[in-house]
Amino acid sequence: MRNPRRFRKSVSLNFFSASLCLCGAILFSAFTIASQVPSPKSVLGFNPTDDKTIADWSQITNYFAQLDKASKNVTVKEIGKTTNGKPLIVAFISSANNIKNLEKYRQISAKLADPRTVKSDAELADLVKNGKTIVSISCSIHSTEIVASQMSMNLAYELATATDADTKEILENTILLLIPSPNPDGIDIVADWYRKTLDTKSEGTAPPELYHHYAGHDNNRDWFMLNLVETQAITKLFWQQWFPQLVYDVHQQGQNASRFIIPPFYDPPNPRVSPSILREVGLIGYKMAADLQAKNIAGVATNSTYDTWWHGGFRSAPYYHNSIGILSEAASVNLMSPITVKKEDLARNRNARGLPNLLEPATNYPDTWEGGLWRPADIANIEMTASRSLLQMAAKFRPRYLRQFYEYGKANLQPTPDEPQAFIISAGQPNAESVSRLIEILMWQGIEVHQLTRELYVTMPEMKDVHETPLGGYLIFVNQPQKNNILSLFEKQVYPHRLLPNGDAEAPYDVAGWTLPLQMGVEYETVLSIRNFEKDRPSLKRVEFQNQVRSSLGLDQSGTPFGKIRQVKARPRIGLYKGYTSSIDEGWTRLVLDTFMIAFVSVTDAAVRSGELPFDAIILPADGENTIVKGLSAERYPAEFSGGIGENGVENLKKYVANGGKLICFDDSCEMVIKRFGLPIKNVLAGLKRSEFYNPGSIVALDVDTSDPIAKGLRKDTAAYFSSSSAFEIAADAKVNVVARYASKNALLSGWMLGEKYLNGKPALVETNYGKGKIVLFAFRPQHRGQSWGTFPFIFNSLER
Ligand SMILES: [Zn+2]
């Protein structure tokens, strides 16, 4: 069956729909001449991963469409459209017989993912015996880490044509969901830029725009929030349909790092990731490492740099779905141009966690790489080897992976005395859109939500007696197959206090805290135990459709899921500064404005330099002074993209505000404005050592002046996102309006913060006059990764006045 139910049309149908009959004829003949499966070179005209070649998205999808037509081992499906409207594809690769029966194997995987659907040991034995290991390999989510997307064609071709026993075993026992790129828009942005700049001073540089329309590099920080259509489509593929047991996300790191980093990962582990999963992650990493060493590939590191603390990455979200997530990071070249790495540059790289000296052998890095020529094909060779290691494991230990996947889910169904039993999102909260979106996010990733259609008797922390729940709210039972996902999203993170020998805080790989309802400003309660749990649970109504949530919250029915939210108020003319430095914070700001349908204009460097600023308000996203004022270097970029707003632009911004405009600054951009505008404000955290103050990404408590118009609709104790952000001090006698301060004690709500005393009680959101205009300074991130819905109203209110 080439088009099982529940899927959209396959790509071959999509691309060749004008000649359906012909397409069928080609397909039929292909069965008889399997040896004529086209090589990537025969279709593209070059070998993918050769120096200075690049295949764009239409070439990649065309190659996969040809494979789909010619090979019984490959079928390609379109799973949605990207932000820019391109097809998002997945190539299913397996034996011809498995490909014919994809729906049957999908159903087996789905049953194993939810042990409640397996009725007996005999049925389980049958599922394990007949199922296939579902594996996903995803390439180049970060589009400048381009090599894997090119390599994906070679990997698919090799699996579709090789006849050795090893490949046959892989095809027989596994179904590979190969994602040539989960960010096709970025493949084209990079390919266009690379071709345009080949043999110029800009060859091999990053494009002067975000490689994902809204998120850039943060497209791999979206895997629990699901802001992006690409994340939504793949989350549906994985956690509503296929439930892969193994997920491999292929990345690249810096040029002067180790040649390749694979698991086991570095510390700290997240306590909500099953220890067994951590061991399985390590086992696959060591298999990859051993296979690479057998090929005498030097410079491979394990136990370094990347940890398993944070949630929300392509390979970390699977841990919370009982799957084994693997990340690899190959040292980069200049996009597709080869480089020569100097030994002294490797010697200088002493900051990697777990790998302080790249020229000294260590147990986690036994074969040093000493520098030399480094080419795209070197990266591809390593990634192909690692992919095969993963597939071999998936094939050889098929029954083990399937049974284990079931067992993880089953263990999660059992209540544990020291864990909450449920979380309740109460009805009647003022921010119904946030409540609705939170429930939508939970349901989309497969978490079951129940409606409180009858009262329950529960115990809660700090409440001695049994408590009766109000009707109408939502209840999320912890004991679902995805228990750890629910706990990780609702609990407050407590990052371990990790210091370097010199007393400085050791930086985690990503953020330390993310508690979703806190970020979204949604009130919830933790339920420790439920009386009559077994009897009451079946009587509650499971929420089936998002529109059911919206109607019960009194919201309109349009635009779901993940729809736009109409803001009815008239807005002034809004400008959002957009330089050429690919500001991720600018992208997330655009996402928030677009989501809430607030019209704005992107303000370019040229516009700021010219002084043509016909706006009532201009937002400066969280970028530093150099990024905004100096921009991209003229040494590497053409004049149209380099130079930032320049000194002239700074003066024009001053004139704009002095003449009555409003400037709204997020986090890092405050520094430039405070300094260049000579404001009577300073950042008290600037200059503190990492042994004194540190907060790499945590949720903190604000004390809000709710009488201030900028705070309209916000609670006095609002939670805000702090990411190496600022805290203000205002000069004595200066007339500055403080809208919110950091809490005077217990400011840390979720994550990690060293030296809290430095920010306790300090202004976090202020407004000041400048000439006839106003400046609003956010010390924190009011729209962090599009997640912090709880503080979006500060932005909307600032724009309104
Ligand atoms: Zn990456």
Return the sequence-ordered ³J(HN,Hα) values of the range 648-657 in whole Hz as given by the Karplus equation 6.51 cos²θ - 1.76 cosθ + 1.60 applied to θ = phi - 60°, using x for Gly and Pro. 4, x, 4, 5, 5, 5, 4, 4, 4, 6
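Report, to the nearest whole %, how much of the accessible area of the range 573-638 belongs to carbon and sulfur atoms, 1.4 Å probe, protein only.
Using a 1.4 Å probe with all protein chains present, the range 573-638 comes out at 53 percent carbon and sulfur.
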Place a +1 charge on the Cβ of each Lys and Arg in the range 514-638 and a -1 charge on the Cβ of each Asp and Glu, then give the dipole magnitude about the Cα centre in debye, rounded to the nearest 20. 460 debye
What's the magnitude of the charge dipole for the chain around its Cα centre, counting Lys and Arg as +1 and Asp and Glu as -1 at the beta-carbon? Answer in Debye, nearest 20. 1400 debye
Expressed in nanometres to one decimal, the distance between label points 7 Å along Cα→Cβ at residue 427 and residue 46 is 6.2 nm
Name the long-range amide H neighbours of residue 703: under 5 Å, sequence gap of 5 or more, or other chain; modelled H, no Pro or chain starts. 741, 742, 743
Derived scalar couplings ³J(HN,Hα) [the range 85-97; Karplus, 6.51 cos²θ - 1.76 cosθ + 1.60; whole Hz; x for Gly, Pro]: x, 8, x, 9, 10, 10, 9, 8, 10, 6, 5, 4, 5
Using alpha-carbon coordinates alone, the radius of gyration and Dmax of the range 645-790 in Å work out to 15.1, 44
Computed Kirkwood radius, in angstrom, where 1/r is averaged over Cα pairs of the chain: 27.9 Å
For a paramagnetic label modelled at 7 Å from the Cα of residue 418 toward its Cβ, which residues of the range 250-285 fall within the zone defined by backbone nitrogen distances under 15 Å? 271-273, 275
Label-point separation, residue 633 to residue 367 (7 Å along Cα→Cβ), nm: 3.4 nm
Would you kindly find the accessible area of residue 340, with a 1.4 Å probe and non-protein molecules such as ligands, DNA and RNA excluded, rounding to the nearest 10 Å²? 110 Å²
Which residues' amide hydrogens lie under 5 Å from the amide hydrogen of residue 452, considering only partners 5 or more residues apart or on another chain, with H built in the peptide plane? 472, 473, 474, 475
Rounded to whole Å, give me the distance from the Cα center of the range 51-84 to that of the range 724-801. 47 Å
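How large is the dipole of the range 290-412 about the Cα centre if only Lys and Arg carry +1 and Asp and Glu carry -1, each at its Cβ, rounded to the nearest 20 debye? Please report the intermediate quantities before stating the final value.
Numbers: 14 positive and 11 negative charges, 93 e Å.
Dipole size: approximately 440 debye.
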Global form of the range 649-693, assessed from the alpha-carbon gyration tensor, a/c cut-off 1.5: prolate
Taking amide H positions as placed 1.01 Å from N in the peptide plane, with prolines and chain starts having none, which residues 5 or more places from residue 368, or on another chain, fall under 5 Å of its amide H? 299
Given only helices, namely DSSP H runs of n ≥ 4 each adding -39500 (n - 2.57), what is the per-residue ellipticity at 222 nm of the chain, to the nearest 500 deg cm²/dmol? -9500 deg cm²/dmol
Cα gyration tensor, the range 271-311 - rounded (a/c under 1.5), prolate or oblate: oblate
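For the range 37-153, build the convex hull from the C-alpha positions and give me its volume per residue in Å³.
It is 128 Å³ per residue.
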Whole-number D in µm² s⁻¹ for the range 387-513, Kirkwood Cα-pair radius fed into Stokes-Einstein, 10 °C, 1.306 mPa s: 87 µm²/s
With only alpha-carbon atoms in the gyration tensor, what are the semi-axes of the equivalent ellipsoid for the range 558-646, in Å, largest first? 28, 15, 9
Can you list the residues of the range 527-555 with backbone N under 20 Å from a point 7 Å past the Cα of residue 465, pointing along Cα to Cβ? 527-532
Obtain the nm distance between the two label points defined at residue 100 and residue 276 by a simple spin-label model: each point lies 7 Å from its Cα along the Cα-to-C-beta direction. 3.5 nm
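Does the range 711-751 classify as rounded, prolate or oblate by the C-alpha gyration tensor (a ≥ b ≥ c root eigenvalues; a/c under 1.5 gives rounded; else a/b over b/c gives prolate, otherwise oblate)?
Oblate is the answer for the range 711-751, as a/c is 1.5 or above yet b/c matches or exceeds a/b.
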Determine the alpha carbon to alpha carbon distance for each of 716/745; 578/655; 72/132; 578/630; 111/168 and list only those over 21 Å. 111/168
Please identify every one of the trypsin sites (Lys or Arg not before Pro) in the range 198-288 that sits in a loop by DSSP and has no more than 13 other beta carbons within 10 Å of its own beta carbon. 201
Just for the Cα atoms in the range 682-721, what are the lengths along the principal axes, largest first, rounded to whole Å? 37, 22, 11
Assuming 0.36 nm per residue, please report the length gained on full extension of the stretch residue 684 to residue 626 beyond their Cα-Cα distance. 18.9 nm
When ligands, DNA and RNA are left out and all protein chains stay put, how many square angstrom of accessible area per residue does the range 576-623 have with a 1.4 Å probe? 31 Å²
Whole-Å distance, taken between Cα centres, linking the range 590-626 and the range 453-501: 40 Å
What is the extension gain from residue 724 to residue 494, computed as 0.36 nm multiplied by their sequence separation minus the C-alpha to C-alpha distance, in nm to one decimal? 81.1 nm
Förster radius 56 Å - calculated FRET efficiency between residue 557 and residue 296 (Cβ-Cβ, nearest 0.05): 0.35
Using θ = phi - 60° and the Karplus relation 6.51 cos²θ - 1.76 cosθ + 1.60, list the HN-Hα couplings for the range 350-361 in order, rounded to whole Hz, with x at every Gly or Pro. 10, 9, 5, 5, x, 8, x, 9, 6, 9, 10, x
Principal axis dimensions, the range 93-203 - Cα atoms, whole angstrom, descending: 66, 35, 19
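Relative to the present Cα-Cα distance, how much length would full extension add between residue 528 and residue 734 at 0.36 nm per residue of separation? Intermediate results must be reported in sequence, preceding the final value.
Details: separation 206, 0.36 × 206 = 74.16 nm, distance 4.93 nm.
Taking 0.36 nm per residue and subtracting the Cα distance, the gain is 69.2 nm.
The values are calculated or read from the model by the stated rules, or taken from the named source; none is laboratory data. In this text, all values refer to a predicted model and were calculated from it rather than measured experimentally. Here the Cβ is made from the backbone with ideal geometry for all residues, glycine too, and neighbour counts use every protein chain on show. Side chains included, ligands, DNA and RNA excluded: accessible areas come from the protein's heavy atoms. Shrake-Rupley method; radii C 1.70, N 1.55, O 1.52, S 1.80 Å.
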